[in-house]
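Below is one structure; the comments refer to it alone.
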Amino acid sequence: MRLIGSLLLAIAVVFAVGDIARSLADQVTHLVSVREALAMMGGSLEPSGVQSATVAAMLAEIGRWSVSITAGVAGLVLLFAGRERKRRRRLVR
C-alpha cells in the first residue's frame, strides 16, 4: 500500500508541476481533470458493460476532478493506511 501511495504522490507532483507551468504560460488557471489525464494515457473512464446509473454518475463526477489533487489525496490515504503500527512493549514489574 505504501508503494502505491508513493507512486500516486509522484503522479500528483508531476501533474501539479504541469498545471502550474501551463497556468503561468497561459495566465489562466487550468487543472487537468482525471478524464483528460486518462485520455492522454490512452485510457477511458467510461463505464463498460451493464452498470447502474449510480456508478455511471459517480464515474462522470470523478472524471471532472483534478488529477493532481485526487492522486495526492489518494496517495496520502494509502501511505497513512500502510504505515507500520507502533508496538508498545509492556514493562512487567
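A few remarks follow.
- Considering only residues in segment 23-60 that are among the hydroxyl-bearing types (Ser, Thr, Tyr) and in a loop (DSSP other than H, G, I, E, B), the one that is least open to solvent (accessible area, probe 1.4 Å) turns out to be Ser52.
- Any hit, segment 5-22, residues being open to solvent by 70 Å² or more (accessible area, probe 1.4 Å) and either in contact with a Leu (Cβ under 7 Å, 6 or more places away or on another chain) or part of a loop (DSSP other than H, G, I, E, B) (or both): no
- Being among the charged types (D, E, K, R), at negative phi, without any contact (Cβ under 8 Å) to a residue 40 or more places away in the chain and touching a strand residue (DSSP E or B) at 6+ places or on another chain (Cβ under 7 Å) holds for only one residue in Arg64, Arg87, and it is Arg64.
- Pairs with Cβ under 6 Å, 6+ apart, first in segment 1-26 and in contact (Cβ under 8 Å) with a residue 60 or more places away in the chain, second loosely packed, with under 13 Cβ neighbours inside 10 Å: Met1/Ala81
The values are calculated or read from the model by the stated rules, or taken from the named source; none is laboratory data. Here the structure is a predicted model, which is why all the values come from computation and not from measurement. Heads up, the Cβs are rebuilt from the backbone with ideal geometry, glycines too, and the neighbour counts pull from every protein chain shown. All accessible areas refer to the heavy atoms of the entire protein, side chains included, with ligands and DNA or RNA removed. Shrake-Rupley method; radii C 1.70, N 1.55, O 1.52, S 1.80 Å.
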